[in-house]
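See below for the structure under consideration.
The values are calculated or read from the model by the stated rules, or taken from the named source; none is laboratory data. This is a predicted model, so every value here is computed, not measured. Positions of Cβ are backbone-derived with ideal geometry, glycine not excepted, and every protein chain shown enters the neighbour counts. Areas reflect the complete protein model, heavy atoms only, side chains present, ligands, DNA and RNA absent. Shrake-Rupley method; radii C 1.70, N 1.55, O 1.52, S 1.80 Å.
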Amino acid sequence: VQLQAFGGGLVQAGGSLRLSCTASGRTFSNYRAAWFRQAPGKEREFVASDDTSTTYYADAVKGRFTISRDIAKNTVLLQMNSLKPEDTAVYFCAAGGGWVSGLASTKRYAYAFWGQGTQVTVSS
């Protein structure tokens, strides 16, 4: 599966962005999908995931971010509202096959395929 992320940019605090991740080579709806992010000098961290039946969110984004799928476009979306400066990071989409537990779906090792990342910068 080849993944390509789009939609990053510069936004003021309180604003919104929508990230898209398009898959080629396979049907994305057959795979577990997730978004991770990595801020400068920090480890890559979990943001949100969709295992085709359940969604999971990091506490830091719960209530502000929404992960969803556009089946027709073979795309996974991340709607980000009420953005904060601490949301500034490079955002990566990921896909994984096979069954894992809900907790495991929030871990990097559950995903074999990764997109190239898209920069999100939130100014205060």
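Hey, can you find the accessible area per residue of the chain for me, probe 1.4 Å, expressed in square angstrom?
51 Å²
May I ask you to derive the FRET efficiency for residue 119 and residue 53 from their Cβ-Cβ distance with R0 = 25 Å, giving the value to the nearest 0.05?
Working: r = 31 Å, r/R0 = 1.24.
Computed FRET efficiency for residue 119 and residue 53: 0.20.
Sorting check: for 70-81, 85-96, which peptide has the highest mean count of neighbouring beta carbons within 10 Å, and how do the rest follow? Please report the intermediate quantities before stating the final value.
Numbers: 70-81: 17.3, 85-96: 20.8.
Packing proxy ranking, top to bottom: 85-96, 70-81.
Using only alpha carbon pairs under 8 Å that are at least six residues apart, calculate the relative contact order of the chain and give it in whole percent.
Worked out over the chain, it gives 36 percent.
Expected output is a single nm value to one decimal: the length gained when fully extending between residue 16 and residue 45, i.e. 0.36 nm times separation in residues minus the C-alpha distance. What is it?
Computed gain between residue 16 and residue 45 is 8.4 nm.
Over the C-alpha atoms of the range 5-99, what are the Rg and the largest Cα-to-Cα span, Dmax, in Å?
Values for the range 5-99 (Cα only, Rg and Dmax): 12.9, 39 Å.
In Å, what Kirkwood hydrodynamic radius results for the range 57-124 from the alpha-carbon pair distances?
13.6 Å
Computing the accessible area with a 1.4 Å probe over protein heavy atoms, can you report the carbon and sulfur percentage for the chain? Please list the in-between numbers first.
Numbers: 3110 of 6340 Å².
Ligands and nucleic acids excluded, carbon and sulfur give 49 percent.
Run down the lysines and flag those whose C-alpha is under 19 Å from the C-alpha of residue 84, throwing out any fewer than 8 positions away in its chain.
Hits, sequence-local ones excluded: 42, 62.
Please give me the summed charge of the neighbours of residue 19: other residues whose Cβ is under 15 Å from its Cβ, Lys and Arg +1, Asp and Glu -1.
Details: positive: 18, 37, 64, 69, 73; negative: 50, 70, 87.
Neighbourhood net charge equals +2.
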